[in-house]
Amino acid sequence: MVRDLLHIETASEIGGPRILMIYTGGTLGMVYDYELKTLVPLEFSELSKSLPELMRLELSLSIVSIDPPIDSSDMQPEVWQELASIVEEYYADFDGFVVLHGTDTMAFTASALSFMCENLAKPVIFTGAQLPIGVARTDARENIITALELAADRVEGSSVLHEVCIYFNGRLLRGNRAKKYESSQFDAFQSENYPMLAEVGVYCQYNFPYLQSKPKGDFKVHKKLEKGIVIVKLFPGMDLDVYESVFQHKSVRAVILETYGSGNASTKPSFLEALAKASQKGLVLYNVSQCVGGQVRQQDYASGLGLKNIGVISGKDITTEAAVAKLMFLLGQNLDSEETKRLLEINLRGEMAN
Ligand code: ASP
């Protein structure tokens, strides 16, 4: 497929690391539409004009955009497939990738890309902004420039990073461990269950023991995704009967149960029976905690053990965002159900504790 790549003149045209910036939309690239009286995505060719600092970077920079750019609340697995295809297509030509993305679903997309890209030996760094690039106090400038510098960073001629990350407001996080937890302040992302990969202030301090090491196998992109996932968040007083038709729906393949604390749920027999029925029907039931920190331990309380006994799989310390992506990825591989369940419980891309 022929794509329109826009090359940006920078300080080091020859010899510097080659970075491809992929623009998907989001607040970062938004402008005010006076007719609609709301923020709408800007055309990517205008983006570099708003960021003249790009020309001072010691790297060779090209930009490509998805068409049309979107508010990330409109994100769909088809766009993840498109992003994975771009990375695959330009993998050999570039040393690193920066994805400009809305903050709302950035953690989902970063998680999806982490599963879709096997043996990734180059950085794929997502970033965005809380304020549009055209606003004087925008956080877009620092986020984009630092994400580009991190993607270009090298030791002894090879990339420092070999994974999908999110860079935001001085923090580099593992993409499939991050969550958007703040919509008003600039520090939009956190990864409660995994240390920062780097802290960027005057200097960039990498947390080396926590970085993914360079993979040995060949880079491979998996584009098949299964969309039949539902999330059921537990709350006191909920009636699982209401979900009966959802569990019976022909396109539903897996249910993420957002449970309490360390993976606990009601011990009411009718509740467990409804889940047992769903499990017997062949649905994959995945236990993910509502807590942002800590992990699911189904054996700790009788209320968790009940779930384990009916075949609910523990998501350990996985985020809901990574759980959605992991299920879509694994169910898309057409593995047998035992293998799918085995892989759900183990760490594949640094998304959960070993
Ligand atoms: N709604 C926007 C988006 O996710 C919010 C943002 O970018 O911060 O695309």
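Nearest 500 deg cm²/dmol is fine: what mean residue ellipticity at 222 nm does the chain get from its DSSP H runs of n ≥ 4 alone, each adding -39,500 (n - 2.57), divided by its residue count?
The helix-only estimate for the chain comes to -7000 deg cm²/dmol at 222 nm.
Would you please give the residues with an amide H less than 5 Å from that of residue 180, counting only those at least 5 places away or on a separate chain, with H modeled from the backbone geometry?
107
Write out the trypsin sites (Lys or Arg not before Pro) in the stretch 176-279 meeting two conditions: DSSP loop, and at most 11 other Cβ atoms within 10 Å of their Cβ.
Qualifying residues, ordered by number: 216, 250.
Any idea what the relative contact order of the chain is, in percent, if you count C-alpha pairs under 8 Å spaced at least 6 apart?
Here the relative contact order equals 14 percent.
Near the amide H of residue 289, under 5 Å away, which other amide H atoms are found, from residues 5 or more places off or on another chain, if H is placed in the peptide plane?
259, 296
Which peptide among 200-213, 63-76, 323-336 comes first, and what is the full order, when sorted by highest mean count of other Cβ atoms within 10 Å?
Ranking the peptides 200-213, 63-76, 323-336 by packing returns 323-336, 63-76, 200-213.
Which of the DSSP-defined H helices in the chain satisfy a minimum axial length of 30 Å, computed from C-alpha atoms, and a minimum mean Kyte-Doolittle hydropathy of 1.6?
The answer is none, since no helix passes both cut-offs.
Might you report the magnitude of the Cβ-based charge dipole of the stretch 277-354 about its Cα centre, with Lys and Arg at +1 and Asp and Glu at -1, to the nearest 20 debye?
Using Cβ point charges on Lys, Arg, Asp and Glu, the stretch 277-354 gives about 180 debye.
Using alpha carbons only, what's the Rg to Rh ratio of the stretch 168-249 with Rh from Kirkwood?
1.13
Expressed as a whole number of Å, what is the distance separating the alpha-carbon centroids of the stretch 319-354 and the stretch 139-204?
Here the answer is 24 Å between Cα centres.
Highest first, please rank the peptides 345-351, 153-159 by the mean number of other Cβ atoms sitting within 10 Å of their residues.
With the highest mean Cβ count within 10 Å placed first, the list reads 345-351, 153-159.
How would you rank 161-174, 301-314, 100-113, highest first, on the average number of other Cβ atoms within 10 Å across their residues?
Final packing ranking: 100-113, 161-174, 301-314.
Each value in this text was obtained by applying a stated rule to the coordinates, not by laboratory testing. Please read all numbers here as calculations on a predicted model, not as lab measurements. Don't worry about glycine lacking a Cβ; one is built from the backbone with ideal geometry, like all the others, and counts go over all protein chains shown.
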